[in-house]
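Accompanying notes for the structure given below.
None of the figures in this text is laboratory data; all of them are computed from the coordinates on show. Bear in mind that the values here come from a model prediction, so they are computed numbers and not experimental data. Methodologically, a virtual Cβ is constructed for each residue, glycine included, from the backbone with ideal geometry; neighbour enumeration extends over all protein chains shown.
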Amino acid sequence: MLNSAVRVERSLLLRRTVRRVVHTLVVHALLLTGGVILLAPFAWLISGSLKEPGQIFVLPPVWIPNPVRFDNYPRALTILPFHLFFRNTMIVASMEVLGTVLSSTLVGYGFARLRFPGRNFLFVLLLSTMMLPWIVTLIPRFILFKLLGWVDTLLPLFVPAFFGGSPFYIFLTRQFFMTIPFEIEEAARVDGAHYWRIWWQIMLPLSKPLLATIVIFTFIHAWNDFMGPLVFLNSMDRRTVALGLATFKGLYSTEWNLMMAASTVATLPILILFFFCQRYFMRGIVMTGLAGR
Amino acid sequence: MWGYVFISPWLVGFVLFTAGPMLASIVLSLMEWELIVPPTFVGLGNFRQLMADRYVSISLYNTAYYTFLSVPLHLITALIAAILMNQRVRFISYYRTLYYLPSVTPAVASALLWSFVFNPDYGLANAVLQMFGLPAQGWFFDPALAKPTFILVSLWNLGSAMVIFLAGLQGIPDTLYEAASIDGANWWAKFWSITLPMLSPVIFFNLVMGIIASFQVFTGAYIITNGGPADATLFYVLYLYRNAFQFFRMGYASALAWVLFLIILVFTLLQLRLARRWVYYEGELREAGR
């Protein structure tokens, strides 16, 4: 009697364990399959970037290049002035990061902590511009920058960042600042600190995770942006990496191995950066999603 | 009053780069202006011309086709991926990183990549098809298949929507599922009556943002197909770009931009309206119960 009860219990336990193992295996199998499908194009790109021309156009495709042609890279990067493209991109990206961090934390502090008439209205206005399609303002912006003589310079790409940049970062900052206890600020106020000092010496140092999120988002945006450089830049030596890569396609569309090498070089820095900073990146994405609530 | 000082960078930026340009864009849309000669006022002439322009209807059709297929498919794939990652298995953070990589890839680089993968003669896609004994396809070069190929490619960037879904899933309290299990609910019933309603605000967010973004689809079509073959991938923003920056018809392009803006606005408002029927906000219910 007792014996059979134990047996039933044991078989139930066994069945449950088997079910759990099967479940885990199925989940891993599905996730792995998806991962392979998502990553296969990257593998194909890197492999192609190391092949000699003849080997790219072989069917069925060869995955391991033979011989390995590392010199595709120096050739791809010198056929067009990629060193200038990288320099320009770094200038735009670092200025855009600086502008966005300064202006969005200033504005975010204003919205989170200071009282002034019309604050709520202005904040709703700011939020609604998040949904504004960028294409509506593009043409007048172009004309404005043309009048200022800024077309074919890097200025149109980063100056707007100093004026609030994207409303999304202001929103993020405001939400983050609201979670910082008032008491810290009040103590500083009692000691006679001005809002500027509170912003600079209290809020910013307490917001390192937020700043990291803004920095990495802005950097990736600046690096990947295509429409901006396409519209505002002309001369070859002023182009960014993304625009330079598109130029490559226009000029040497048959040289797949070189194009693949250039694409790899344009992609790899961003993937490495993302890999090391993904914690901050994911947090930003999650906060965007929660904005929808 | 210090508040105004602190928000002044945004206020100035809003006037200079958002509100000002929007007003200017209305004025421009009533002008004919080729940049070199002074603008002339044409009233609603641009809008009349736009109604008769066959490329406008072609590009609107292409864009709608792309949006209404890619956005739902995109949400479904991202949701499935998020549900898989929400299971209690190991290495989830690695999968999450891996699935996110396509979304940080520069749009130009991924466009080039896809033009290689879907090349009819030497591409990876046809090689895979042939491995399974299936006939090779023309992909971007086939007028009937070019848009579906773009939709397929858009699914590669499931990262952001997936991460947002995953955060939403992790926010659903376990107690709800436990209570349902005690009542004998199976997986499907739990998914249908707990997961989806609890996730609806996030689904709504992804839907609204997804539609706004895909109405403005541009880079892929500009790089890979340049609108072809036979205008099958002439998307609206690509046509707008050509008018503004290749033909320099600033007035006409502004009219095009305003039409797109109004279409997107109507869709967004419509969705906000419909959201009352299906989006479940916990906070609201609590308030109503008070």
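What is the diffusion coefficient of the protein assembly as shown in µm²/s, taking the Kirkwood radius over Cα pairs and the Stokes-Einstein relation at 37 °C with a viscosity of 0.692 mPa s?
Details: Rh = 26.3 Å.
My calculation gives 125 µm²/s for D.
Is segment A:159-293 best put as rounded, prolate or oblate by its Cα gyration tensor, with a ≥ b ≥ c the root eigenvalues, rounded for a/c under 1.5, and otherwise prolate when a/b is larger than b/c, oblate when not?
Numbers: a/c = 3.18, a/b = 2.41, b/c = 1.32.
In terms of gyration-tensor shape, prolate.
Give me a single rounded figure for B:71-81: the average over its residues of other chain Cβ atoms within 10 Å of their Cβ. Intermediate results must be reported in sequence, preceding the final value.
Values: counts 0, 0, 0, 0, 0, 0, 1, 0, 0, 2, 5.
Mean number of neighbouring Cβ atoms from other chains: 1.
With a cut-off of 8 Å between alpha carbons and a minimum separation of six or more residues, what is the relative contact order of chain B in percent?
On the way: 299 pairs, mean separation 84.5, N = 290.
Normalised by residue count, the contact order of chain B is 29 percent.
Please compute, over every Cα-Cα pair in segment A:2-49, the percentage with a separation greater than 16 angstrom. Please report the intermediate quantities before stating the final value.
Numbers: 703 of 1128 pairs.
Cα-Cα pairs of segment A:2-49 separated by over 16 Å account for 62 percent.
Would you kindly derive the ³J(HN,Hα) couplings of segment B:184-189 from the backbone phi angles with the Karplus curve 6.51 cos²θ - 1.76 cosθ + 1.60 (θ = phi - 60°), listing them in order in whole Hz, with x for Gly and Pro?
My calculation for segment B:184-189 gives x, 6, 8, 4, 5, 4 Hz in order.
Which residue fluctuates the most in chain B, going by a Gaussian network model with Cα springs under 10 Å, if the choices are B:ALA136, B:ALA64, B:ALA19?
B:ALA19
What is the set of long-range amide H partners of B:ASP53 at a cut-off below 5 Å, with H atoms built 1.01 Å from backbone N?
Distant-sequence amide H within range of B:ASP53: zero hits.
Which angle between 0 and 90 degrees, to the nearest 10, do you get for helix B:159-170 versus the longest principal axis of chain B when only C-alpha atoms count?
Around 30 degrees separate the two axes.
Computed on alpha carbon atoms, what radius of gyration and Dmax characterise chain A, expressed in Å?
Here Rg and the maximum Cα pair distance are 26.3, 94 Å.
Whole number please: convex hull volume per residue, Cα atoms of segment A:39-97, in Å³.
Values: hull volume 6.1 nm³, N = 59.
Expressed per residue, the convex hull around the Cα atoms of segment A:39-97 is 104 Å³.
Kindly rank A:260-269, B:39-48 from highest to lowest mean number of other beta carbons found within 10 Å of each residue.
On the way: A:260-269: 23.0, B:39-48: 14.5.
Order by mean packing, descending: A:260-269, B:39-48.
Tell me, what HN-Hα J-couplings in whole Hz come from the Karplus equation 6.51 cos²θ - 1.76 cosθ + 1.60 at θ = phi - 60° for each residue of segment B:134-151, using x for Gly and Pro?
Per-residue couplings from phi come out as 9, x, 5, 10, x, 6, 5, 8, 9, x, 7, 10, 4, 5, x, 5, 4, 5 Hz.
As a test of the definition: which semi-axes, in Å, follow for segment B:137-185 when you take the square root of five times each eigenvalue of its alpha carbon gyration tensor? Largest first, please.
Numbers: eigenvalues 339, 40, 5 Å².
Result for segment B:137-185: semi-axes of 41, 14, 5 Å.
With springs only between Cα atoms under 10 Å, which of B:GLY171, B:GLY251, B:GLY184 fluctuates most in a Gaussian network model of chain B?
B:GLY184
State which helices in chain A qualify, where a helix is a whole DSSP H run, it must extend 18 Å or more along its own axis by its Cα atoms, and its mean Kyte-Doolittle hydropathy must be at least -1.0. Could the numbers behind the result be given before it?
Numbers: long enough: A:2-49 (69 Å, 0.94); A:82-113 (45 Å, 0.90); A:135-147 (19 Å, 1.85); A:208-224 (24 Å, 1.18); A:256-291 (42 Å, 1.27).
Helices meeting the span and hydropathy rule in chain A are A:2-49, A:82-113, A:135-147, A:208-224, A:256-291.
With each label point set 7 Å from Cα along the Cα-Cβ vector, what nm distance links A:LEU147 and A:LEU206?
Rounded to a tenth, the inter-label distance reads 4.3 nm.
Quick check: from the Cα gyration tensor, does chain B come out rounded (a/c under 1.5), prolate or oblate? Display every interim value, and only then the final one.
Working: a/c = 2.19, a/b = 1.28, b/c = 1.72.
Oblate shape, in that a/c is at least 1.5 and b/c is the bigger or equal ratio.
In whole Å, largest first, what are the principal axis extents of the Cα atoms in segment A:91-132?
Principal axes ranked by extent give 38, 25, 10 Å for the Cα atoms.
How about A:LYS249: which lysines have a C-alpha closer than 20 Å to its C-alpha, ignoring those fewer than 8 places off in the same chain?
A:LYS51
For segment A:81-187, what size does the Cα cloud have along each of its three principal axes, sorted from largest down, in whole Å?
Reported extents, whole Å, longest axis first: 54, 30, 22.
Each residue of segment B:3-19 in turn: what ³J(HN,Hα) in whole Hz from Karplus with 6.51, -1.76, 1.60 and θ = phi - 60°, glycine and Pro shown as x?
My calculation for segment B:3-19 gives x, 4, 4, 5, 8, 4, x, 5, 4, 4, x, 4, 5, 6, 10, 10, 5 Hz in order.
Report P(r) for segment A:40-138: all Cα-Cα distances, bin width 5 Å, range 0 to the bin holding the largest distance, values in whole percent.
2, 9, 10, 11, 11, 9, 8, 8, 9, 8, 6, 5, 3, 1
What are the residues whose amide H is under 5 Å from the amide H of B:MET31, where those residues sit 5 or more places off or on another chain and H is modelled from the backbone?
Those lying under 5 Å, H to H, from B:MET31 are B:VAL42.
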